[in-house]
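Quick notes on the structure that follows.
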Amino acid sequence: KVLTIGIAEYILGVIPKGTHTFDKYVSPESLKNWLKGANCECIKFTGFEFDFFKGEMMESKDLSVNYFVVAKKI
């Protein structure tokens, strides 16, 4: 909450204010379970983070703040 809403939206302003709603956040584990229940296979599940030195997003192993998934129906 602090990183995505507090810092990204209000301090740095790199994301428009109001983009995130904390009570709607979905944990990586919950998303994996939902996908499995929908007969989907996770092809890629990885984190991403902002590189302040380059000013861009980069792939990361850390799923605690930002992540994305690629899945396909099986």
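The values are calculated or read from the model by the stated rules, or taken from the named source; none is laboratory data. Computed from a prediction, not measured in an experiment: that's the story for all the values here. Neighbour counts run over all protein chains shown; Cβ positions are idealised from the backbone, glycine included. Surface areas here come from the heavy atoms of the whole protein model, side chains and all, with no ligands, DNA or RNA. Shrake-Rupley method; radii C 1.70, N 1.55, O 1.52, S 1.80 Å.
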For the chain, longest principal axis from Cα atoms; helix 28-37 axis from its Cα atoms; angle between them, nearest 10 degrees, is 30 degrees
Carbon/sulfur accessible area of the chain, % of total, 1.4 Å probe, equals 59 percent
Expressed in angstrom, Rg and Dmax over the Cα atoms of the chain are 14.1, 42
Measuring from its Cα centre, the chain shows a charge dipole (+1 at each Lys and Arg Cβ, -1 at each Asp and Glu Cβ) which, in debye to the nearest 20, is 320 debye
Restricted to pairs 8 or more residues apart or on different chains, the lysines in the stretch 1-73 with C-alpha atoms under 14 Å apart form a number of pairs equal to 11
So, relative contact order of the chain in percent, Cα under 8 Å, 6 or more apart, is 27 percent
